[in-house]
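Structure record follows, encoded as structure tokens.
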Amino acid sequence: MKRKKNAVLILAAGQGTRMKSELPKVLHEVGGVPVLAHVIHCVKEAGIRNISVVVGYQRERFRSLLIGSQAIVQEKQLGTGHAVMQAKAHFSRFEGEILVMPGDVPCMRPETIRRLMDEHRKSGAKATVLTAEVEHPAGYGHIIRDNGKVVGIREELDATENEKQIPEVNSGIYMFHARTLFEVLNSIKENAKKKEYYLTDVIEELVRAGHPVSSFRCEDEREMQGINTRAHLAAANKILNEREINRHQEAGVTVVSPEQTFIATDVEIGNDTVIHPFTWIEPDVKIGKKCIVGPFAKIRSKSQIGNGCIVGSFVEVVRSKVGDGTYVKHLSYLGDAELGKKVNVGAGTVVANYDGKNKNKTIVRDGAFLGCNTVLIAPTQVGRAAKTGAGAVVRAHHFVPDGETVVGVPANVIKQSNKKKKIQKNKFRRS
Ligand code: UD1
Ligand code: CA
């Protein structure tokens, strides 16, 4: 069957008063990226290309997130129904179906959205509501059914004691026949208690006007987790972290203690890598096979770790590349560094990438050996198989040549003859 055109309208204009934050609610991060970015990613994965987002509160802060989407402005936040009304002109010539989704549901899966769209198309309804049975229905809109059919949605504030007990709730996600939606929106009234226009009232209006309304039940209530408070933010973080860790486990990664490990979305990890507790991995990170990571490792965005590496305890890696078989076992900071293969980074080594103005790059070639407490001041380079002595400070622009050993503060190359003498002296002492 030919698929009809689909569009999505994401509602993200609210401040999110219950967050008690200056930052708009949907720009708070979960799983290392803004809440709204998860929602946009979800609808794209579900196959929707025509994306519009209603913004209002601090809308200038949304610019980079909305590249490729249409921004629609809601000057005053007068409710979810009012937010949708602002998009009427934009969709005036649109003939297809429209998905309406709040910007604060970061755990929703694209599969669920796809199934909702399929259900909507098959049933031929003018509206299909995504619902779920939840353990704690307080705070959600409750689904009112008559003879099994959805006839309305009752917000917590307006619900009777009986209605409050209804465990089936509104996800805030719906498919609508666009033209019918905008027609009916004209007839909803301001809610007397909240002084807002509720999008949820559209359902009752559609039923009253004789339009078919359908529903689709989401099996996993965790997908519905909305973000209204800081506690919800933590709950969503937990859901996404568990989901990502499961995905890596299925791909052959050992996560020793999932509850104590934090892996953002958009992380790749090769099989037979072991992640020890209290490790923090940000989005856009790649880790190879057979690595050992942590405990207490922090791997920040845009870092790449090769195969067979060790990134051990209290090691922070920022925008750096670590080549195959390289060991960074203890207490190190690598910022904007590129390490070759089989490099050994001694305990306490620091790559000083920031000079107070710029972040600079450091290159360490294959087989180099950095003694404990080496400081490499960027921009600099350590040559192939070169060595630094314990405590060496390699100055910016003072490259260590291939195969040479540098020592001291500031680090200088040790003369070959001196080296031999020292070794002999030691031998003599030991005997
Ligand atoms: C809403 C639903 C509720 C549902 C719940 C699911 C209504 C009236 N209620 O409640 O039935 O169970 O979501 O999570 O729709 N927004 C705007 N402009 C506004 C108001 C809100 O853009 O004027 C945006 C917000 O930024 C937010 C989204 O709409 O991203 C939802 O608003 P929110 O206040 O979180 O609604 P809930 O109270 O959670
Ligand atoms: Ca919400």
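The values are calculated or read from the model by the stated rules, or taken from the named source; none is laboratory data. Computed from a predicted structure; not experimentally measured. Here the Cβ is made from the backbone with ideal geometry for all residues, glycine too, and neighbour counts use every protein chain on show. Heads up: the accessible areas ignore ligands, DNA and RNA and are worked out on the full protein's heavy atoms, side chains in. Shrake-Rupley method; radii C 1.70, N 1.55, O 1.52, S 1.80 Å.
Quick notes on this structure:
- Residue count for segment 69-110, restricted to those that are under 22 Å from the mean Cα position of the chain (by Cα) and more than 16 Å from ligand 2 (Cβ to nearest atom): 5
- A71 vs. criteria assigned by TED's automatic domain parsing to the domain that holds G124 and open to solvent by less than 20 Å² (accessible area, probe 1.4 Å): no
- Enumeration of residues in segment 181-203 that are under 15 Å from L9 (Cα atoms) and either away from ligand 1 (no atom under 14 Å from the Cβ) or not assigned by TED's automatic domain parsing to the domain that holds V100 (or both): F182
- Test: residue in segment 345-361 that is outside any loop (DSSP other than H, G, I, E, B) and under 12 Å from P401 (Cα atoms): no
- Looking across segment 69-90, the residues that are part of a loop (DSSP other than H, G, I, E, B) and in contact with a strand residue (DSSP E or B) (Cβ under 7 Å, 6 or more places away or on another chain) come down to S69, Q74, L78, G79, Q86, A87, H90.
- If the condition is being under 10 Å from C107 (Cβ atoms), of a type outside the set (A, V, I, L, M, F, W, C), outside any helix (DSSP H, G or I) and within 14 Å of ligand 1 (Cβ to nearest atom), then segment 218-237 contributes Q225, G226.
- Checking each residue in segment 37-52 for being open to solvent by less than 10 Å² (accessible area, probe 1.4 Å) and within 15 Å of ligand 2 (Cβ to nearest atom) picks out only V39.
- Only strands (runs of 3 or more DSSP E) whose full extent lies in segment 116-217 are considered here, and the ones with at least 2 residues that are small (G, A, S), buried (at least 22 other Cβ atoms within 10 Å of the Cβ) and on the phi < 0 side of the Ramachandran plot are 127-133.
- Options N241, N271, N246: the member that is among the polar types (S, T, N, Q), buried (at least 20 other Cβ atoms within 10 Å of the Cβ) and away from ligand 2 (no atom under 16 Å from the Cβ): N241
- If the condition is being free of Cβ contacts under 8 Å to residues at least 60 places away in the same chain, more than 18 Å from T254 (Cβ to Cβ) and in a loop (DSSP other than H, G, I, E, B), then segment 283-305 contributes D284, R300, K302, S303.
- Of residues in segment 132-162 being within 12 Å of ligand 1 (Cβ to nearest atom) and either of a type in the set (D, E) or not assigned by TED's automatic domain parsing to the domain that holds L199 (or both), the one farthest from V105 (Cα to Cα): D158
Per-residue answers, yes or no, for (1) hydrophobic (A, V, I, L, M, F, W, C); (2) modelled with pLDDT under 95; (3) open to solvent by 40 Å² or more (accessible area, probe 1.4 Å); (4) outside the structural domain of S301 (by TED's automatic domain parsing):
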position	(1), (2), (3), (4)
A352	yes, no, no, no
K361	no, no, yes, no
F369	yes, no, yes, no
A385	yes, no, yes, no
F399	yes, no, yes, no
G408	no, no, no, no
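- Residue satisfying condition, being near ligand 1 (Cβ under 10 Å from one of its atoms), at pLDDT 95 or above and not β-branched (V, I, T), within set A87, A46, A83: A83
- Positions within segment 17-36 being in contact with a Pro (Cβ under 8 Å, 6 or more places away or on another chain), surrounded by fewer than 23 Cβ atoms within 10 Å (Cβ to Cβ) and either modelled with pLDDT under 95 or not in a strand (DSSP E or B) (or both), in sequence order: L27, H28
- Test: residue in segment 49-56 that is within 26 Å of R217 (Cα to Cα), assigned to a loop (DSSP other than H, G, I, E, B) and free of Cβ contacts under 8 Å to residues at least 60 places away in the same chain: yes
- Whichever residue in segment 91-115 is closer than 15 Å to I10 by Cβ and part of a helix (DSSP H, G or I) and, among such residues, is least open to solvent (accessible area, probe 1.4 Å): I113
- Segment 2-20, residues that are away from ligand 2 (no atom under 14 Å from the Cβ) and over 22 Å from R179 (Cα atoms): K20
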